[in-house]
Amino acid sequence: DGFLGDAYVASWCNLGAATNNSNLKNDYGSVRLYNEALGAEEDSGRLFAGLFMADHAKCSIGTTFNTGSIVGVACNLFGAGFHPRQIPSFCWGSPGRYATYRFEKAIHVAERVMQRRDLTIDPSEVELLRDVFDQSESARSHFLGR
């Protein structure tokens, strides 16, 4: 079970069984998507748009996402109910209960995931992930209400 209609899932993601996303608004209107460069939503011009999940993001069994949801890099999501439509990179938690996903823990998990495929994480990738962590601090703080 599960539905990922019109979803875009990046590398090293893990989706729990029965993960679902909506890809069509109930009013059949154009889907609005968050544009990080603008810091606001904008009309996508698309009738169908599901989940957008960035590298190293994960969700648990039965996770649900609204139409046009965007999950940032190295998020770890779980729990009942719909998650917000835009979750900044390196967030951990369930609807209504989110925290910063500690960088060191996220890298440790990425290393273990890649080891399962007989790969090692490259130091340049760790550096890139550190840059994403640092650059997403403001958005994450705002999202977490800090």
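The values are calculated or read from the model by the stated rules, or taken from the named source; none is laboratory data. What you are looking at is a predicted structure, and each value in this text was computed from that prediction instead of being measured. Every residue, glycine as well, gets a Cβ built from its backbone with ideal geometry; the counts of neighbours run over all protein chains shown. Heavy atoms of the whole protein, side chains included, go into the accessibility calculation; ligands, DNA and RNA do not. Shrake-Rupley method; radii C 1.70, N 1.55, O 1.52, S 1.80 Å.
Only one of S124, S136 is open to solvent by less than 40 Å² (accessible area, probe 1.4 Å) and modelled with pLDDT of 95 or more; which? Before you say what the answer is, go through the steps one by one.
Details: S124 fails: open to solvent by less than 40 Å² (accessible area, probe 1.4 Å).
Sole residue among the options that is open to solvent by less than 40 Å² (accessible area, probe 1.4 Å) and modelled with pLDDT of 95 or more: S136.
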State the number of residues belonging to segment 1-47 that are open to solvent by less than 80 Å² (accessible area, probe 1.4 Å) and either outside any strand (DSSP E or B) or among the aromatic types (F, W, Y) (or both).
23
I need every pair where a residue in segment 101-112 that is among the acidic types (D, E) has its Cβ under 7 Å from the Cβ of a residue that is not in a helix (DSSP H, G or I), sequence separation at least 6 or different chains.
E111/I121
Selection count, segment 78-110, where residues are open to solvent by less than 30 Å² (accessible area, probe 1.4 Å) and under 11 Å from the mean Cα position of the chain (by Cα):
6
Taking the condition touching a Pro at 6+ places or on another chain (Cβ under 9 Å), over 14 Å from N21 (Cβ atoms) and surrounded by 23 or more Cβ atoms within 10 Å (Cβ to Cβ), does C75 pass?
yes
